[in-house]
1. Only one residue in 48, 41 is within 30 Å of residue 67 (Cα to Cα), open to solvent by 90 Å² or more (accessible area, probe 1.4 Å) and modelled with pLDDT of 80 or more, so which one is that?
2. Residues being open to solvent by 100 Å² or more (accessible area, probe 1.4 Å) and either without any contact (Cβ under 8 Å) to a residue 12 or more places away in the chain or more than 14 Å from residue 44 (Cα to Cα) (or both): count how many of those fall in region 54-65.
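The values are calculated or read from the model by the stated rules, or taken from the named source; none is laboratory data. Just so we're clear, the structure is a prediction, and the values are computed from it rather than from any experiment. Cβ sites come from the backbone with ideal geometry, for glycine too, and all protein chains shown count toward neighbours. SASA here: full protein model, heavy atoms, side chains in, ligands and nucleic acids out. Shrake-Rupley method; radii C 1.70, N 1.55, O 1.52, S 1.80 Å.
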Amino acid sequence: MKRCYAFLLLAACAGAFFTGCSDDDPSDVDPTTPPEVIEPVQLPAPEVLVSEVGTTSFRATWNAVPKAAAYAYECLPM
């Protein structure tokens with residue numbers, strides 16, 4: 001019975017060893033060609049409107065800039 005288990009284990013290991021995945025690399029891509037570089041685009045700055053200014057708070061609004069992924073604001077001490 002131990003020989004049967006050893007044979008089954010050997011067959012499973014051989015099957016796992018000889019099984020492989022297909023090649024994922026596309027055949028029409030030339031590895032010597034550098035990739036296309038996409039230059040960043042300068043977007044216009046949003047027009048910020050400040051309202052409801054208080055001693056410890058304020059409200060800032062702006063119109064959306066097309067194709068903008070995010071907005072950042074830095075508040076510096078005066």
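1. Details: 48 fails: open to solvent by 90 Å² or more (accessible area, probe 1.4 Å).
Exactly one of 48, 41 is within 30 Å of residue 67 (Cα to Cα), open to solvent by 90 Å² or more (accessible area, probe 1.4 Å) and modelled with pLDDT of 80 or more, namely 41.
2. So the answer is 3.
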